[in-house]
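Beneath this line is the structure, given in structure tokens, with notes to follow.
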Amino acid sequence: MRLLANKRILLGVTGGIAAYKSAEIIRRLQDAGGSVRVVMTTAATEFITPLTMQALSGNPVHLELLDTDAEAAMGHIELARWADIILIAPASADFIAKIAHGEGGDLLSTLCLASRSPLAIAPAMNQGMWRNASTQHNIERLRGRGINIFGPAEGSQACGEVGPGRMSEPEDIVELTAALFETGALAGKKVVITAGPTREAIDPVRYISNHSSGKMGYALAEAAAEAGAETVLISGPVNLAPPDRVRTIPVISAQEMYDAALSEADGCQLFIASAAVADYRPLQVSEQKIKKSTDTLTIELVKNPDIVSAVAKRPNRPYTVGFAAETANLEDYARGKLERKNLDLVIANDVSDRTIGFNSDDNAVLVVEMQSSEAIPKINKSILARQLIAKIAEMIPE
Ligand code: PMT
């Protein structure tokens, strides 16, 4: 299970022979779904190269506190804010002493001071250094401040001695890191959401579309990511910023949305179709701008493929949720769509009311299942999205 989905881990590496294991920690954190940025002390770079850590993490490695280039890209305060957790592995005796005394002379110790996120350290040192009263005193100080201490393990050491001080194994460190986070209702699940309108070209400058702003779909994507899901948002053209921690795939037409949705439906456990997909597209798209030469103009339209129905027809289909934009008979029409499109759930909204539905900040919906329905009164779309995601999370079969 991807227990660290959407989690941002700032991995601090200090100087010690165990630094080579931090490469394996990066890989395992990523396997668990986490994004990793690495900060290395000068001593750490003697044991493993920043280039290795950069290649593995997929992000530039941060080394210096006073580096104008690095500050311009992502300043140290921004980095401290970015992290959901700071994990220092290996943590040397020297570095443990430094943070126990609140020092901030280098980038990593400064981040420890600046960040409000949890801090975890995996000590690694010679057994004599670990047993030393000063180190033990520092460790107790850190524990007293709520800092998580992972390990160390006992055994034979690189220096030839035997005893406590070896860094814990990467898989144990990653498991302990994941355990510090509350598991969201959708942790370990892949969720795909369609949002916004589609545009169907008539000629190079004109298209058929609708008033969808994408607000409902974007709010659902944010709520799904917040609930721990690996979230993919397939979005028609809208004026909204891509949500944080969500992989957003921009598309224009219904056919593009269809292609993206069918390819992303693989390995997905929940599919939510909130997009207002154009039902028809022009049969011919004129290569040149159509001239105003006649009094009337006839455009022949053909039906677009139905995205949500195609997803619901797949073998091993995800739990499939459709929306129904109606102007009358909300419940009956929604139930009709539930059956016709083979859906698990339909969220119906009355789009004749300008204060809800299309392009508004609020919505009021009827959640329709085959045998029952539940009304959720008018509320902000972000709050509604969280309620819907919590409800749907309970309905998805394990
Ligand atoms: O984007 P906002 O401004 O926030 O507005 C939100 C909304 C009103 C667009 C949203 O709440 C909504 O109702 N979305 C569905 C709009 C719609 O197209 O409904 P429909 O009843 O025509 O379609 C039924 C379902 O089939 C929908 O899940 C739709 O995404 C899906 N569909 C439709 C046609 C098609 N070719 N492929 C589809 O997947």
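Rule-based calculations on the coordinates, nothing more; no lab input. Treat the numbers as computed from the prediction; the structure is a model and nothing was measured. Here the Cβ is made from the backbone with ideal geometry for all residues, glycine too, and neighbour counts use every protein chain on show.
Numbers at a glance
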quantity: Antiparallel bridges, percent of DSSP beta bridges restricted to the chain (to nearest 5); calculated: 30 percent
quantity: Built amide H within the under 5 Å cut-off of F323, gap 5+; calculated: A273, I347
quantity: Around G12: net Lys/Arg minus Asp/Glu count, Cβ-Cβ under 15 Å; calculated: -1
quantity: Degrees separating the helix 330-340 axis from the principal Cα axis of the chain, which is the longest one; calculated: 80 degrees
quantity: Sites matching GluC sites (Glu not before Pro) across segment 289-367 that sit in DSSP coil, with at most 16 neighbouring C-beta atoms within 10 Å; calculated: E300
quantity: Percentage relative contact order, the chain, counting C-alpha pairs under 8 Å, at least six apart; calculated: 12 percent
quantity: Mean separation of Cα contacts under 8 Å, 6 or more apart, over the residue count of segment 8-179: relative contact order %; calculated: 23 percent
quantity: 10 Å binning of all Cα-Cα separations within the chain, expressed as whole percents from 0 upward; calculated: 5, 20, 24, 17, 15, 11, 6, 2, 0, 0
quantity: Packing rank of 183-189, 111-117, where each peptide gets the mean count of other beta carbons within 10 Å, highest leading; calculated: 183-189, 111-117
quantity: Computed [θ] at 222 nm, deg cm²/dmol, the chain (DSSP H ≥ 4; -39,500 (n - 2.57); rounded to nearest 500); calculated: -9500 deg cm²/dmol
quantity: FRET efficiency, I252 to K291 (Cβ-Cβ, R0 25 Å, nearest 0.05); calculated: 0.55
quantity: Local net charge near G58, Cβ-Cβ under 15 Å (Lys/Arg +1, Asp/Glu -1); calculated: +4
quantity: Between segment 191-249 and segment 250-295, the Cα center-to-center distance that results, in Å; calculated: 13 Å
quantity: Segment 300-398: trypsin sites (Lys or Arg not before Pro) in DSSP coil with no more than 11 other Cβ atoms inside 10 Å; calculated: R354
quantity: Shape call, segment 330-398: gyration tensor on alpha carbons, a/c limit 1.5; calculated: oblate
quantity: Using a Förster distance of 35 Å, the FRET efficiency for N316-R340 (Cβ separation, nearest 0.05); calculated: 0.95
quantity: Segment 190-395: relative contact order as a whole-number percent, Cα under 8 Å and 6+ apart; calculated: 20 percent
